[in-house]
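As structure tokens, the structure follows; a few thoughts come after it.
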Amino acid sequence: MLEVDNIRAGYGAINVLWDVSLSAAAGQMTTIIGPNGAGKTTLLRSIMGLLPLTQGDIRLHGRSIRGTAPWDMSGLGVAMIPEGRMIFKDMTIEENLLMGAFPKQHRAAARQKCEQAYAMFPCLQERWNLLAGMLSGGESQMLAMARGLMSDPELLIIDEPSLGLAPVVVNELFGVLGRLKAEGRTIILVEQNTQKAVGVADQVHLMQSGKIALSQPAAEVSLEHLHDLYFAH
């Protein structure tokens, strides 16, 4: 579905990604892991059009999306759940959800999508009128995920969903990811919890210093070897 072909990107004069290539197959979970500073978030920002490429191409269903504005990605069936959640704290839970369906083509189905979000995350339904700033870290992450699903994306990109969360909440979130995968959604997941990330994935990519250091089907990944590469200097 998505092909990243030999891309370079960065911030001003600082290049971060070096000749990165990978693909995400339709209906599969593609997991990207790596230490801090490896370029994982930069890669996701490049896919979403938040950073310009200086080399290479990104294709969705075989068509280049290089140069596509971030606000047009929803119309292509792509949504991102960013690191740090970035919910609207002064808006209610339901208002946050409705923002996920703000693009014109998604508004007609917004109520139906809200009900689906509440079914997936019952804790949000119980407090639908609460200001999002009152939520715990785990609840905020669930709201961010639910908001990302409001446009019914064909490709869902998720950046570090478990960061800073208690183990019990992490288990709950990965249960949701498993259900989304079972629904046949195409997901690109950046995650620091290697064991859980590999456990839910179909394909695993390890990034080091802005490059892909390892690409393997999840079923073939040795966690011991992966950790050796992960912590290599």
Pairs of lysine residues in the chain - Cα separation under 25 Å, sequence separation of 8 or more or cross-chain: 9
Relative exposure of K181, K113, K89, K40, judged by other C-beta atoms within 10 Å (fewest first): K89, K181, K113, K40
Spacing of the two label points (7 Å from each Cα toward its C-beta) at S136 and N171, in nm: 1.4 nm
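Once you charge only the Cβ atoms, +1 for Lys and Arg and -1 for Asp and Glu, what is the size of the charge dipole of the chain about its Cα centre, to the nearest 20 debye?
Dipole of the chain, to the nearest 20 debye: 480 debye.
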Amide H contacts of M207 (H built 1.01 Å from N, under 5 Å, at least 5 apart or other chain): I33, G34, A213
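State the extension gain, in nm to one decimal, for the chain segment bounded by E3 and L214, taking 0.36 nm per residue of separation less the distance between their alpha-carbons.
Numbers: separation 211, 0.36 × 211 = 75.96 nm, distance 1.66 nm.
Taking 0.36 nm per residue and subtracting the Cα distance, the gain is 74.3 nm.
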Spatial separation of Cα centroids for region 95-136 and region 1-33, in angstrom: 30 Å
C-alpha long axis of helix 110-120 to longest principal axis of the chain, angle in °: 80 degrees
Packing-based exposure ordering (other Cβ within 10 Å, fewest first) of E191, E154: E154, E191
GNM result for the chain, Cα springs below 10 Å: residue of A79, A166, A213 fluctuating most strongly: A166
For L53, residues with placed amide H under 5 Å, excluding near neighbours: G67
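If you stretched the chain out fully between Y11 and R111, how much longer would it get, using 0.36 nm times the residue separation minus the C-alpha to C-alpha distance?
Details: separation 100, 0.36 × 100 = 36.00 nm, distance 3.90 nm.
Result for the pair: 32.1 nm of gain on full extension.
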Cβ-defined net charge surrounding M1, 13 Å radius [Lys, Arg +1; Asp, Glu -1]: 0
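Using Cβ counts within 10 Å as a stand-in for footprinting exposure, how do V168, V20 rank, fewest first? Please report the intermediate quantities before stating the final value.
Details: V168 8, V20 23.
Fewest-to-most Cβ neighbours within 10 Å comes out as V168, V20.
No lab work stands behind these numbers, since they all come straight from the coordinates. Bear in mind the structure is a predicted one, so any value in this text is a computation, not a measurement. Glycine also receives a Cβ, built like all others from the backbone with ideal geometry; neighbour counts cover every protein chain displayed.
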